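The structure under discussion appears below in the form of structure tokens.
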Amino acid sequence: MQVALKIRNHPSKQALLVYAENMQDQGGAIDREMASHLRVCATCKAEVDAMRASLSFAASAPELDVNADMTARILMASKTTRSEMKQKATPLRKAFKVAQATACAAAMLLIMGVTFNAFLGSSETEVTTPAFAESVPVVSATGRSPEALRQATVEVAAEVRTLSAAVTGKRHEAPTPEALEEMRVVQSRDADIAAAMSALERNPNSVRATHVVHATLKQQAESLRNIYVEGGSL
Amino acid sequence: MAEGMENVVQLKPEPTLRVVERGEGPLRDWTDEALMLEHGKGSEEAYSVLVHRHQRGVLNYTYRMVQNRHIAEELTQEVFLALVKNGARYQPTAKFTTYLYTIASNIVSKEWARRKRRPKFFSLSSWWNQEDDESFNPLDHVGDEKANVLAAFQRGEISEAVNEALRHLPEHQRETFVLRRFQDLSYEEISEVLEVPVGTIKSRIVRAERALRPYLEKYREYV
């Protein structure tokens, strides 16, 4: 009689999830009342099993490892920040710093406004020349000169623009699943480019972000070329 | 609720300071809170121990959220720089990890806001959302909506498959799920980090798991 009453009153999804988590995680407390309910209720047991399977899969994903380079960068940046904070002690220096920062910010805004204007004002399918390449003093880690990197980025951006227009122009033809899969990759990579541009906006002198933009644009061009040329049945 | 009580403003209680005893022995044995207080007094060594202890967690949190290693590393650096800037003002009102992930969450939110402002180089939507043919959606022609997860798995990247599945979650659900399942924060800690009630956190986790399930099931078929 008592069991039948419990089955009419199933636990909430939240309670089931907490139970599934406790079962999944080592050392979690197990609710006896819930356990006895699950022994007689196939619906809730199936739900808990499915939850555990999801949680187990998510937990199986390996974590990123930290490289020593990142740790060194963090510690170096913290030292710089610390010494900067110490320096702005006197009121006169503070006032001077504020004026200096304001002037720098104004200059940066002016430069960014000009360089990003074409890019920000473009339609979604239009790819403009990434003007940051002209404003950032780039020292290439791959041995490429700043001018060569700038030129290469400009060229690949133009290529992406052309290919993107060409692929868009073929939209009325029936797409194959393979082509659509590739298109998803292209769209996903779009987010990476946007993220790298965002990083570049935060730190206009970031050589790494410039390289990421350049490398990702190259991959984008390759994918679009595949879609257009090889996925001819688009 | 009693009559006339509707307009009474509920004041948030003042956070109480946790009692943190100064650590003893080598710094690596100190608690996070004691290290943070020591760092606030100017100890670079204490800060270094905190960085080594938590950088992996923060990196993985930001990576799951922005899904790009380069950006995740930059955001991780921002999080730890925020510790430097706010070190002197730190007060142990909560667990250090709560404080740390509150900073990380704010920085990730700013990153998302920046991303939303960024233009797209190429967009699938621009491919079919044209005035003369609004009804045409190429995704309707794909039989298997989990294809991305499968493709990621076929490339041998479990982590990528999880990321691909996470991409289908709304931002607030993804953040809650990542904090709970990948960073091992308790419901109460997540509630403090995101400033929402514990019940809402539980509800988000349930919804997130429910939304992820079909993608993850598809993956498991190939394990």
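What FRET efficiency, computed as 1/(1 + (r/R0)^6) with R0 = 25 Å and r the Cβ-Cβ distance, is obtained for B:Tyr90 and A:Ala59, rounded to the nearest 0.05?
The pair B:Tyr90/A:Ala59 has a calculated efficiency of 0.20.
Along the Cα→Cβ direction, 7 angstrom out, place labels at B:Ala82 and A:Thr162. What is the inter-label distance in nm?
4.4
What distance in nm separates the simple spin-label points at A:Ala72 and B:Lys41, each placed 7 Å from Cα in the Cβ direction?
Reported label-point gap for A:Ala72 and B:Lys41 is 3.2 nm.
So what's the gap between the Cα centers of the range B:39-79 and the range A:14-53, to the nearest angstrom?
35
No lab work stands behind these numbers, since they all come straight from the coordinates. Remember, it's a predicted structure, so these values are computed and weren't measured experimentally. All Cβ positions, glycine included, derive from the backbone under ideal geometry; neighbour counts span all protein chains shown.
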